[in-house]
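The values are calculated or read from the model by the stated rules, or taken from the named source; none is laboratory data. Just so you know, these numbers come straight off a predicted model, no measurement behind them. Note that we place each Cβ from the backbone using ideal geometry, even for glycine, and neighbour counts take in every protein chain shown.
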Amino acid sequence: MQIERQHVGMSRAQIVILTTDAAFEEQARAAFGANSQVALTVVSGTVDVAGDDLILDQATVAIVDLDASSAEEMHGLGRLMNRVGSRPPVVVITQGFDAAVARTLLQMRVADFMVKPVALPELMNTCARVAKSAASNGDATESEIYTFLPAAGGAGVTTLAVQTAMTLLRAAPHGKSTTCLVDLDFQHGACADYLDIEPRLNLSEIEPRPDRLDRQLLEVMLSHHASGLAVIAAPNRPAEMRSFDPDVVTRLLDMVSSNFDYVVFDMPRTWFSWTDNVLLGSNKLFIVSEMTVPGLRHAKQLVEAIRERLGDGPRPQVIINRFEQKMFSSGLRKNDIERVLGDAFACCIPNDYSLVREAIDRGLPLEEIKPGNKISLQIKKLVAPATEVKPTAESGLKRLKLSWAR
Ligand SMILES: Nc1ncnc2c1ncn2[C@@H]1O[C@H](COP(=O)(O)OP(=O)(O)OP(=O)(O)O)[C@@H](O)[C@H]1O
Ligand SMILES: [Mg+2]
């Protein structure tokens, strides 16, 4: 392996190229070398051999030239991507191209890929573009996290978590964002059932060595719904009461939050040692309650308890599920709810049992069964950017880094 540095300069864009193609190297040197804004480093080698030692801490963009038909090289690229994540962005150059390769590259989250022969101006534009988008994203690799907590059993946490995840998945600009629903109710989880998919999370496998959980292992433990929603759910063990090491859960959360644009958590009723961490890392915190006096009381108590524990962290907001205006004409009204909950009141979700039950039985989003239904509309409003509570989201993120970065 031979490393040669052409230019050194911190303020310039640092481009690192890994290639064994002498002709491509020569072309790239001529093109990038003529640009005083670029410091080019060319490393000669294949990604499976040289990738593990490639130093990319200072790189603005990495360009990896590889033979996509070589399993070793693709594995080497996988390791490299696991190591670097989204910083720096990696542009892959391949000799041949097919849909399977493209899909694998997308899954590995390379920033872009090009097929030889590569036009140098196009390569330079691509580098500039991916560098710019990495820079403007700032901390965008941290996802937007929505957490749903129950004020009582059966209030509808799982239903609302599933539907929110579906809404976020569809709300993405250009349909490009990624969303992961995580069922943290390890004992009585229902997310996989509600979506009719096979749960694949095996916490016992991660437990002995939480650091083993990298992107590849995460991929193995993900289930995919036909809509494109990624789901992390463990098979139910109703007869097993066990708690997991908080490090395992923390590592899992960390991996999920840095690999998806949106993450939705379905929380259990029990408070575990890792619960605070999840809540602190959330951008939006929703307590789901039913419309009864005890339900409201529990919700209010939970809001206060969380505010006490999280301080200026994310502010919990209460969703009243299965709301029916007329049913409560002699009982609780919306005004009463607003009075009791004050600014912790988020919204009411209408009651529509037959619609929700059909969605659950068919493993489909509500929107697909009845487009424009009132529950979906309300959830859309709930996740709309206009309703964002900016300052708390920010402090939540800061804490997330402190508490999750271990
Ligand atoms: N808006 C709604 N309208 C009508 N029925 C609903 C609504 N939301 C949830 N349900 C129904 O309420 C029941 C409980 O919902 P869900 O499983 O989502 O609650 P949960 O809070 O996750 O329960 P658990 O405590 O068991 O985890 C389900 O049968 C579901 O169909
Ligand atoms: Mg549930």
Note down all Cβ pairs under 7 Å where the first residue falls in the range 142-166 and is on the phi < 0 side of the Ramachandran plot and part of a helix (DSSP H, G or I), the second is near ligand 2 (Cβ under 10 Å from one of its atoms) and small (G, A, S), and they're at least six residues apart or on different chains. T158/A190
When you go through R251, R309 one by one, which is the residue that is basic (K, R), under 22 Å from the mean Cα position of the chain (by Cα) and away from ligand 2 (no atom under 16 Å from the Cβ)? R251
Would you check if R315 is in the same structural domain as L341 (by TED's automatic domain parsing), without any contact (Cβ under 8 Å) to a residue 24 or more places away in the chain and on the phi < 0 side of the Ramachandran plot? no
Please verify whether the range 122-143 includes one or more residues that are β-branched (V, I, T), within 16 Å of ligand 2 (Cβ to nearest atom) and modelled with pLDDT of 85 or more. no
For the range 273-293: of the residues being farther than 30 Å from A171 by Cβ and more than 15 Å from ligand 1 (Cβ to nearest atom), which is modelled with the highest pLDDT? V293
Assess whether P117 counts as being out of contact with any His (no Cβ under 8 Å at 6 or more places or on another chain), over 30 Å from R307 (Cβ atoms) and in a helix (DSSP H, G or I). no
Would you list the helices (runs of 4 or more DSSP H) that sit entirely within the range 354-404 and hold 1 or more residues that are modelled with pLDDT under 60 and surrounded by 13 or more Cβ atoms within 10 Å (Cβ to Cβ)? 390-404
Quick check: anything in the range 158-165 more than 16 Å from ligand 1 (Cβ to nearest atom) and modelled with pLDDT of 85 or more? no
Report whether or not G295 is without any contact (Cβ under 8 Å) to a residue 24 or more places away in the chain and either loosely packed, with under 14 Cβ neighbours inside 10 Å or more than 17 Å from the chain's Cα centre (by Cα) (or both). no
